[in-house]
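**Student:** Just passing along the structure, written as structure tokens.
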Number of protein chains: 2
Amino acid sequence: MVKHTGRPGYLQIADDLRAQIRGGALAPGSPLPSTAQLAEQYDVSLSSVKTAVGVLRTEGLVVGQQGKGVYVRDAAEAPADLAGEVAELRSAVQELSVRLARLEERVTSTGHPA
Amino acid sequence: MVKHTGRPGYLQIADDLRAQIRGGALAPGSPLPSTAQLAEQYDVSLSSVKTAVGVLRTEGLVVGQQGKGVYVRDAAEAPADLAGEVAELRSAVQELSVRLARLEERVTSTGHPA
DNA sequence: TGAGCCAACTAGGTTAACTATGTTGGCTAG
DNA sequence: CTAGCCAACATAGTTAACCTAGTTGGCTCA
């Protein structure tokens, strides 16, 4: 499936999947084929598919869920506008802080088992 | 060198290098240590270093020149990769969430009063 | 029936081995 | 002195093998 142009196979696969996502063939929230299926489809090793998916993951186009699959990120959760993303992260950090404080409170007041 | 938190080693290395770049310890145009050196420095395999460098390459922070080395991209030619930074924060928050949830689970279940 | 175990499948991380290819510096032969 | 070769080192790509860990569905046994 991958052509022997100069472009590495794993980038060709990443390109292809990216195009399918941008083009809507892979809708937000939908899963990519499993890595095993992709490996067969493109006729490359599992390792190369993992590398390709890793690129998309780094780009934030896709999120992996261990045990389930790799899902196309929702446009809503991947806002083009960075300010919104930052606001989202800020609230997430806020929430984590609260939970951590609660946990610290509990552990220091009651002692905790070794 | 890499700590055994939940965060994968190759991401810790990528984080560290990214911080050095952002902090100016690795100036634009200057080369990173060779992959062999990094492998020794962080006490991981060559493969993990390659993965880490691959992340930075995907983020556009760094460019590799075959036969020579990996160079920090000029800030000018690396147009505002706030998106990359945000992506990084997102994954960090995600990872913290998981760790916190695990901790909460452990503390509440290991038998001591709420 | 229902609870629990277990097998099969999923992604993810790490390492190793091998190949290709580019760069550089030193050495040698003419 | 110079041209060419060659060894050493660099990134890059590909594959394979293990291991961890989460999910799911079916099967068994009480």
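The values are calculated or read from the model by the stated rules, or taken from the named source; none is laboratory data. Since the model is a prediction, treat every value here as computed from it, not as a measurement. Don't worry about glycine lacking a Cβ; one is built from the backbone with ideal geometry, like all the others, and counts go over all protein chains shown.
**Student:** Kindly evaluate B:Thr51 against the criterion of being at pLDDT 95 or above and touching a helix residue (DSSP H, G or I) at 6+ places or on another chain (Cβ under 8 Å). Show your work before the answer.
**Tutor:** Details: at pLDDT 95 or above: yes; touching a helix residue (DSSP H, G or I) at 6+ places or on another chain (Cβ under 8 Å): yes.
In short, yes.
**Student:** Sticking with this structure for a sec: Hey, A:Val70 hits all of (1) at pLDDT 95 or above; (2) out of contact with any strand residue (DSSP E or B) (no Cβ under 7 Å at 6 or more places or on another chain) but one; which does it fall short on?
**Tutor:** If we test A:Val70 against (1) at pLDDT 95 or above; (2) out of contact with any strand residue (DSSP E or B) (no Cβ under 7 Å at 6 or more places or on another chain), just (2) comes out false.
**Student:** Considering only residues of the range B:12-31 that are more than 14 Å from the chain's Cα centre (by Cα) and hydrophobic (A, V, I, L, M, F, W, C), which is farthest from B:Val70 (Cα to Cα)?
**Tutor:** B:Ala25
**Student:** Pairs please, first residue from the range B:49-63 and within 11 Å of chain A (Cβ to nearest Cβ) and within 7 Å of DNA strand D (Cβ to nearest atom), second anywhere and hydrophobic (A, V, I, L, M, F, W, C) and not in a helix (DSSP H, G or I), Cβ atoms under 8 Å, 6+ apart in sequence or on different chains.
**Tutor:** Pairs that qualify, where the first residue is within 11 Å of chain A (Cβ to nearest Cβ) and within 7 Å of DNA strand D (Cβ to nearest atom) and the partner is hydrophobic (A, V, I, L, M, F, W, C) and not in a helix (DSSP H, G or I), are B:Arg57/B:Val63; B:Arg57/B:Val70.
**Student:** Filter the range A:17-32 down to residues that are surrounded by fewer than 16 Cβ atoms within 10 Å (Cβ to Cβ) and either in contact (Cβ under 8 Å) with a residue 60 or more places away in the chain or not aliphatic (A, V, I, L, M) (or both) and give me whichever is nearest to DNA strand D (Cβ to nearest atom).
**Tutor:** A:Pro31
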